[in-house]
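Structure, as structure tokens:
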Amino acid sequence: MTAPLTPPHQPSPDDHWQTPPKGGGSPTASLGYPEAGDMRADVRRAAVVTVLLAVAGVGLGLLWLWLAPRVPLISDSQAVFLNDSEGEEAIGGDGTFVLLGLAFGAVAAALVFCFQRRGGIASVVGLALGGLLGSLVAWRLGVWLGPSQDVVAHARAVGKGVVFDAPLALHAKGALLAWPLAAMAVHLALTAGFGPRDPEPEWVNWHVPGGPVAGQGGGFPSGPAPTPPTAPAPPTTPAPPTKP
């Protein structure tokens, strides 16, 4: 009876399950989970993206104020009416805001992807939250800088029969989601098409003590298959002698 080659208190060198990762890294890092430092960096990047997009909402608001069609009103000193009852300027303001929001979202997503190609949930959250804040800033800024919200006082100021502009308004509040939705969609498309790919997993050749050893390519050693042992031939009985 022979003694075991590996003492019971020491792990076997072939047992990869008990071998700690080299370099003293944390177990979560070896399994591919983000570390605390990476998470803090992602949160900082998301916060920066959110603030920059919120500031960019000022540009969207100014463009909306400049490009949105005006709704003409007229007063007869008793009531205020639409100067053109069949005009489509009322919904033109919402459409202009949506188109500008889609353009701002696409540009923001492209810039974020260029500066941070590896993507991540932090970039998407920053784009979504920053786009929503930017839309809110643009909406309130355009309304504030646009024509007066007091239609009656404006009509009295201009006088009877004089055409004036209606206040700039966003009737469909769902237009505020155009920027964040466009940013997330474009960023997802760019990440899927041009983002970095995860490395392929490396196959490890596991060796079971007492079992066959795997070869170079992960299989068993190549060579001719062993021939099974042949059964011994049955003994032959001598033929009886013939009589003369």
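No value in this document is a laboratory result; all are computed from the given coordinates. Quantities reported herein were computed from a predicted structural model and do not represent experimental measurements. Because the Cβ atoms are built from the backbone with ideal geometry, glycine has one as well, and the counts that use them run over all protein chains shown.
Side notes on the structure shown:
- Modelled spin labels at Cys114 and Ala185, positioned 7 Å past Cα toward Cβ, are 2.2 nm from each other.
- Among the trypsin sites (Lys or Arg not before Pro) found in region 127-161, those both in a DSSP coil and sparsely packed, with 12 or fewer other Cβ atoms within 10 Å of their Cβ, are Lys160.
- Taking packing as the residue-averaged number of other Cβ atoms within 10 angstrom, the listed peptides 165-178, 59-72 run from highest to lowest as 59-72, 165-178.
- Computed lengthening from Val151 to Val51, 0.36 nm per intervening residue step minus Cα-Cα distance: 32.5 nm
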